[in-house]
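Take a look at the structure below.
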Amino acid sequence: MSVRVRFAPSPTGSLHIGGARTALFNYLFAKKYKGNFILRVEDTDQERHEESSVKTLIHSLEWLGLSWDEGLFIQGRDLKSKGDYGPYRQRERLSIYLAQAQKLLQQERAYYCFLTDEEVSQKRKKAMEEGRPFRLLSPYRHLSLEEAEKKRATGEQACIRFKVPEDQTFYRVRDLVRGEVEFPADAAGDFILIRSDGFPVYNFSCAVDDALMKITHIFRGEEHLSNTARQFMIQEALGFTHPVTGHLSLLMGPDKRKLSKRENAESVEYLEEEGFLPEALMNFLAFLGWNPGTEQEYFKQRQLIEAFSTEGLNASSAVFDKDKLLWLNGEHIKNTDNKQLWKTLHPFFERENLVFNSDPLWQDRVLTEMKSGFKTLRQAVEVLKPLSKEGFVLEESAKPVLEWPVAKPFIQRWIKALEKHSEDYLSLEDFKSIQKQIQENLKGKEFFMPLRCAILGKPQGTEIKVLVTLLKRVELIRRAEESLKYIV
Ligand code: GLU
């Protein structure tokens, strides 16, 4: 039997870190066992479902590099199901759920229940007042299907409830992460499968889809543990074997509180904009609930697939540690080929309207010298900005320094020395020797600060030793001349 796993998000906005982690573990499992990874969108709950949030979600999954074999895809401007078990959007499967519910009705494993919401809440309230746990006992449990159909024919509204077996008081599940887990089977009584408006509840649509799509394994968040017994009961009643589950540990924020979906700072979309690399994020996510059993922390996608195993999954909660993400991102940046890295940086430069030298050899040299100085692509923009033409702006803080009496003659000597030089670029040695020549009797600050102003437009900031070798000699002259214009 080949492995079939799915990621089944309810799209409510951007893809959150927690969802991305769930998708990743399903993906890794599928890749490891050469199975199929499926994207199914669970969108029956939303009042009005936004097409754009499904597209955002798909974009984030694609960006992360979690490709799927079956499911929902973007084709042109539309969403399209591809695969043998579609459609993969629950909204398009409503007739399938009704047909499966019919089967359960026929087999007396489910029944039409005519209790109104109001009546159910009264029963709940009464149980609370009497201090006993609420367990729904529907007076319609034993009504025959024929009788129920008659009532419905008169226009009475009914939902379809699952008949929780009376003889089964607990349910035992073997979970790949948690081992044996036990649940009371009927804690809340007979639960709804199809609401009176014809829409299925999550547990029903999910159980039906997992069965019909031949899902073999499910990795999902711990918060779904309590749904598992219901889903298994439904699948068994329909005559299907149920998938094997692995309920992943809770994700905590640095404050040790459960990460909320609403915290935008933890959305994949946001992290992409911040300049995290997909492979670094993937590496980071893998460690939220899994470890390889070795000291190795840096993993490329391919290595993760090789190393992944369910034995490495653990049940204790995982903390979202942004510093670790930054560190990993820095490591992935260092290991990215310069040509590729420059390409990845390009949209970030464009957003800031920065134009750099287009010579690939120069770009390669820049990244070799400077890439250990940033941990995100956004930081890279700040670090590399002084190397662009637009990166030289004389700032207010430069002006008082340029007015020092020693500044003007010093900068003039700097220009002269540059003009005498014949190469396009200075080497570090050239720079050091020029510095010695033009320093004369000036002390540290007296020449360093004006020099910074003449190179960076400000007296403080980035180390100039490296920068100066990456700026064309003519550009250094242009900048120095610009700064002289401020000196009267
Ligand atoms: N649609 C559910 C959610 O987004 C997940 C269902 C599942 O993985 O079983 O929380």
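What follows is calculated from the coordinates using simple rules that are stated; it is not laboratory data. Treat the numbers as computed from the prediction; the structure is a model and nothing was measured. Note: ideal-geometry Cβ built from the backbone for every residue, glycine included; neighbour counts use all protein chains shown.
Let me check against my output: what whole-number percent is the relative contact order of the chain, with C-alpha pairs under 8 Å and at least 6 apart?
Relative contact order for the chain comes out at 12 percent.
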Given charges at Cβ of Lys, Arg, Asp, Glu: the chain dipole, positive-most of VAL268, PHE183, SER14: VAL268
Output the antiparallel fraction of DSSP beta bridges having both residues in the chain, as a percent to the nearest 5. 55 percent
Options LEU79, MET1, VAL54, ranked by Cα towards positive dipole end of the range 1-152, top entry (Cβ charges): MET1
So if R0 is 56 Å, what FRET efficiency would LYS322 and THR154 give, r being the distance between their Cβ atoms, rounded to the nearest 0.05? 0.40
Please give, to one decimal in nm, the separation of the simple spin-label points placed at TYR486 and ARG91, each 7 Å out from Cα toward the Cβ. 5.6 nm
For the range 193-235, what does the alpha-carbon gyration tensor say about shape, rounded, prolate or oblate, given a ≥ b ≥ c as the root eigenvalues, a/c under 1.5 as rounded, and a/b over b/c as prolate? oblate
Simple Cβ-charge dipole of the range 344-391, Lys/Arg +1 and Asp/Glu -1, about Cα centre, in debye nearest 20: 160 debye
For all pairs of alpha-carbon atoms in the chain, what percent lies in each bin of width 20 Å, listed from the first bin to the last filled one? 19, 38, 23, 14, 5, 0
Could you give the dipole magnitude of the chain about its Cα centre, charging the beta-carbon of Lys and Arg +1 and that of Asp and Glu -1, in debye to the nearest 20? 720 debye
Cα-Cα over 18 Å, subset of LYS31/LYS343; LYS339/LYS371; LYS256/LYS322; LYS416/LYS472; LYS399/LYS485; LYS324/LYS375: LYS31/LYS343
Net lengthening on full extension, SER2/ARG172 (0.36 nm per residue, minus Cα-Cα): 58.7 nm
Assuming a ≥ b ≥ c are the square roots of the Cα gyration tensor eigenvalues, decide whether the range 373-468 counts as rounded (a/c under 1.5), prolate (otherwise, with a/b larger than b/c) or oblate. oblate
Please state the shape class of the range 70-206: rounded when a/c is under 1.5, otherwise prolate if a/b exceeds b/c and oblate if not, all from the C-alpha gyration tensor. oblate
State the Kirkwood hydrodynamic radius of the range 127-281 in Å, one decimal place, computed from all pairs of distinct Cα atoms. 18.8 Å
Computed magnitude of the charge dipole of the range 273-401 (debye, nearest 20; Cβ of K, R +1, Cβ of D, E -1): 220 debye
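Determine the gain in length on full extension of the stretch ASN338-LYS34; use 0.36 nm per residue of separation and subtract their C-alpha separation, reporting nm with one decimal.
Taking 0.36 nm per residue and subtracting the Cα distance, the gain is 106.2 nm.
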Between GLU429 and ALA315, what FRET efficiency follows from the Cβ-Cβ distance if R0 is 60 Å, with the result rounded to 0.05? 0.55
Can you give the convex hull volume per residue for the Cα atoms of the range 17-95, as a whole number of Å³? 107 Å³
Among PRO292, SER138, ALA23, which residue has its Cα positioned farthest towards the positive end of the charge dipole of the chain, with +1 placed on the Cβ of Lys and Arg, -1 on the Cβ of Asp and Glu, and the dipole taken about the Cα centre? PRO292
The simple spin-label model distance between PHE448 and GLU50, using points 7 Å out along Cα→Cβ, in nm, is 5.1 nm
Grab the Cα-Cα distance for ASP255 and GLN75, subtract it from 0.36 nm times how many residues apart they are, and report the gain in nm with one decimal. 60.7 nm
Value at 222 nm in deg cm²/dmol, rounded to 500, when DSSP H runs of n ≥ 4 in the chain each add -39,500 (n - 2.57): -13500 deg cm²/dmol
Hey, rough spin-label estimate for LYS416 and GLU295, points 7 angstrom out along Cα→Cβ, what's it come to in nanometres? 5.7 nm
